[in-house]
Structure formats: structure tokens, C-alpha cells
Amino acid sequence: MATIDAAINKCTANKGDIIFVMPGHAETLAAAAAIDADIEGITIYGLGNGDNRPQVTLATSTAADVDIDADNVTIANIIFKAGVDALIAG
């Protein structure tokens with residue numbers, strides 16, 4: 001999948017689905033809920049170390065964000081960065 005959100009949309013609730021995000025993967029989010037973790041019981045895990053970890057930049061819009069709208073969602077080893085000076089929510 002090209003985006004984390006596209007991978008989330010392939011998951012099934014509470015089946016232990018794990019999304020591995022490759023080292024060096026980069027996404028720029030320009031809207032609210034550009035990533036919506038809305039499937040219960042998934043894990044989103046970034047591969048890599050240090051600066052080689054996946055990076056998500058909240059940019060272009062002050063409303064850009066990641067929503068976690070389901071229970072038991074785990075996100076680990078991903079760098080989240082602000083790309084604008086005043087995000088409404090982190």
C-alpha cells in the first residue's frame with residue numbers, strides 16, 4: 001500500500017492485524033483524519049532505527065491530524081512531525 005490509511009482499510013477488526021511500515025517511508029498529511037485508525041485491535045509498527053524510521057509530517061493545513069477512532073490500536077516506532085507552525089491538535 002502507498003499509505004498507512006490504505007493499509008488500515010484492508011484490516012479486519014480484532015484479528016491481530018499488523019501493518020509494518022517500511023524504513024524510510026514518508027507521508028505528508030494535509031487534512032484532518034488523513035490517517036484514520038478506525039479498525040479495532042490493529043497494530044501499526046514502523047520498521048527501522050533512528051532517522052530511518054517511517055515519518056509522518058502533519059503539513060499544509062493546521063487541521064492535519066491522525067485520528068484513532070477504535071479501541072486497542074497500537075502505533076509504535078513512527079516519527080510524527082509538525083510541518084506547520086500552529087496545529088489545531090497534535
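Which residue is modelled with the highest pLDDT, if the candidates are limited to region 76-90 and must be more than 12 Å from the chain's Cα centre (by Cα) and open to solvent by 40 Å² or more (accessible area, probe 1.4 Å)? Among residues in region 76-90 that are more than 12 Å from the chain's Cα centre (by Cα) and open to solvent by 40 Å² or more (accessible area, probe 1.4 Å), the one modelled with the highest pLDDT is Ala82. Look at Ile18 and say whether it is open to solvent by less than 30 Å² (accessible area, probe 1.4 Å), under 19 Å from Met1 (Cβ atoms), of a type in the set (A, V, I, L, M, F, W, C) and within 14 Å of the chain's Cα centre (by Cα). So Ile18 fails the test. Among the residues of region 1-15 satisfying the criterion of being of a type in the set (Val, Ile, Thr) and open to solvent by 40 Å² or more (accessible area, probe 1.4 Å), which is farthest from Asp69 (Cα to Cα)? Only one residue tops the list, namely Thr3. Only residues that are part of a loop (DSSP other than H, G, I, E, B) and within 19 Å of Lys81 (Cα to Cα) were counted across region 3-46, and they come to 10. Only residues that are loosely packed, with under 14 Cβ neighbours inside 10 Å and more than 16 Å from Ile75 (Cα to Cα): list them for region 31-50, please. Residues satisfying the conditions are Ala31, Gly50. Filter region 51-75 down to the residues that are more than 10 Å from the chain's Cα centre (by Cα), at pLDDT 90 or above and assigned to a loop (DSSP other than H, G, I, E, B), then identify the one that is surrounded by the fewest Cβ atoms within 10 Å (Cβ to Cβ). Ranking the candidates gives Asp71 first.
Out of curiosity, is Thr43 among the β-branched types (Val, Ile, Thr) and at pLDDT below 95? Considered against the rule, which asks whether it is among the β-branched types (Val, Ile, Thr) and at pLDDT below 95, Thr43 comes out as no. Pairing residues of region 55-80 that are closer than 19 Å to Lys15 by Cβ with residues that are modelled with pLDDT of 95 or more and open to solvent by less than 30 Å² (accessible area, probe 1.4 Å), at Cβ distances under 6 Å and at least 6 apart in sequence or on separate chains, gives Ile68/Ala37; Asn72/Gly41; Val73/Ala37; Val73/Ile42; Ile75/Ile44.
The values are calculated or read from the model by the stated rules, or taken from the named source; none is laboratory data. On a predicted model such as this, the values are computed, not experimentally measured, just so you know. Ideal geometry is used to build each Cβ from the backbone, glycine not excepted, and the neighbour counts take in all protein chains shown. Heavy atoms of the whole protein, side chains included, go into the accessibility calculation; ligands, DNA and RNA do not. Shrake-Rupley method; radii C 1.70, N 1.55, O 1.52, S 1.80 Å.
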